[in-house]
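Trainee: Take this structure, written in structure tokens, and hold onto it; I'll ask about it next.
Please treat every number below as a calculation from the coordinates, not as lab data. Note that the structure is a prediction, hence the values are computed from the model and not measured. Every residue, glycine among them, receives a Cβ derived from its backbone with ideal geometry; neighbour counts consider all protein chains shown.
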């Protein structure tokens, strides 16, 4: 039962997230030989104020 977690800053549309999760699922099926029904993909979003890169909060970029 492969499980993939994607951590990202909030702000993507539902359609973008669904498309990404489907592509990840397909890649796991292809590369691991897993059944599609056994693949779990979860997107974990952080509010922009709660994420920082290079010393600058994402909501200030």
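Trainee: Take the residues of segment 39-61 that are loosely packed, with under 12 Cβ neighbours inside 10 Å and part of a strand (DSSP E or B): which is farthest from the chain's Cα centre (by Cα)?
Mentor: 56
Trainee: Restricted to segment 23-44, and to residues that are in contact (Cβ under 8 Å) with a residue 24 or more places away in the chain and touching a strand residue (DSSP E or B) at 6+ places or on another chain (Cβ under 6 Å), which residue is farthest from residue 13 (Cα to Cα)?
Mentor: 40
Trainee: Looking at residue 10, is it free of Cβ contacts under 8 Å to residues at least 12 places away in the same chain and over 10 Å from the mean Cα position of the chain (by Cα)?
Mentor: The answer is no for residue 10.
Trainee: From (1) part of a helix (DSSP H, G or I); (2) surrounded by 12 or more Cβ atoms within 10 Å (Cβ to Cβ), pick out the condition that doesn't hold for residue 23.
Mentor: Failed condition: (2).
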